[in-house]
Amino acid sequence: MIQNDILKVLYSKEELAQRTTELGKELTEDYRNKKPLLVGILKGAIFFTTDLAKAMDINVEIDFMDVSSYGNSTISSGEVKIIKDLSASAADRDIIIVEDIIDSGRTLEYLVSLFKRRGANTVKLVTLLDKPEGRVVDIKADYVGFLVPNEFVVGYGIDFAERYRNLPYVAVLKPEMYQ
Ligand code: 5GP
């Protein structure tokens, strides 16, 4: 049972759903009369992107991008590689990047500048989780679900070596699971 690998639950299924509903309402207000392009970053933001889209009461277009940062599994090096690009064009669009977690900020810094280069009208960032202590570049999300301490988290789309993504909550694993 994967539940046995969990040290503590940081955000329950209910807390995630409630905060996502609140963010969806904010985005609905801020993007009224627009048709933003929600860009979910694979794979960590899969569940958050789809739940957030359902919480928005306006027309949105949904797309996904898969990027990987070079480096080991827990530390991002700053170089970003596009594994899967957008299907839609970013030109003249109001882009909302949907991320699972911002740590160093390098992935998002790269993506924001990429969409600006591609001629996006506006680019905003939504992240489910924000780890401000990990930041090495000056980037701030416009919408944040929860602030998290500098701990390695899993669940609700976020993996460790492709495991634990399907946990319905955000949690910290027992230390022995990381070995
Ligand atoms: P950044 O470029 O901001 O350092 O990296 C963000 C990415 O690093 C996230 O999208 C995520 O893939 C990964 N990451 C950062 N912190 C964690 C964490 O606590 N757990 C997991 N599983 N991935 C993390």
Pull up the stretch 152-165, narrow it to residues that are touching a residue at least 40 places away in the same chain (Cβ under 8 Å) and assigned to a loop (DSSP other than H, G, I, E, B), then point me to the one that is nearest to GLY44 (Cα to Cα).
-> GLY157
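Can you pull out every residue in the stretch 58-82 that is within 16 Å of the ligand (Cβ to nearest atom) and either surrounded by 15 or more Cβ atoms within 10 Å (Cβ to Cβ) or at pLDDT 95 or above (or both)? Even if it seems obvious, please write down each step before you answer.
Residues of the stretch 58-82 within 16 Å of the ligand (Cβ to nearest atom): 64-82.
PHE64, MET65, ASP66, VAL67, SER69, SER76, GLY78, VAL80, listed by residue number.
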When you go through VAL144, VAL172 one by one, which is the residue that is near the ligand (Cβ under 10 Å from one of its atoms), buried (at least 17 other Cβ atoms within 10 Å of the Cβ) and assigned to a strand (DSSP E or B)?
-> VAL172
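Taking the condition surrounded by fewer than 19 Cβ atoms within 10 Å (Cβ to Cβ), closer than 26 Å to ARG32 by Cβ and away from the ligand (no atom under 14 Å from the Cβ), does ALA55 pass?
On the way: surrounded by fewer than 19 Cβ atoms within 10 Å (Cβ to Cβ): yes; closer than 26 Å to ARG32 by Cβ: yes; away from the ligand (no atom under 14 Å from the Cβ): yes.
Yes, satisfied.
One residue is enough: does the stretch 60-75 have a residue meeting the conditions touching a Gly at 6+ places or on another chain (Cβ under 6 Å) and not in a loop (DSSP other than H, G, I, E, B)?
Here is the first cut: in the stretch 60-75, the residues touching a Gly at 6+ places or on another chain (Cβ under 6 Å) are 64.
Checking the rest, the ones that are also not in a loop (DSSP other than H, G, I, E, B) come to 64.
Yes, the stretch 60-75 has at least one match.
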Which one is surrounded by the fewest Cβ atoms within 10 Å (Cβ to Cβ) among residues in the stretch 116-141 that are at pLDDT below 95 and assigned to a helix (DSSP H, G or I)?
-> GLU133
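The values are calculated or read from the model by the stated rules, or taken from the named source; none is laboratory data. Just so we're clear, the structure is a prediction, and the values are computed from it rather than from any experiment. Cβ sites come from the backbone with ideal geometry, for glycine too, and all protein chains shown count toward neighbours.
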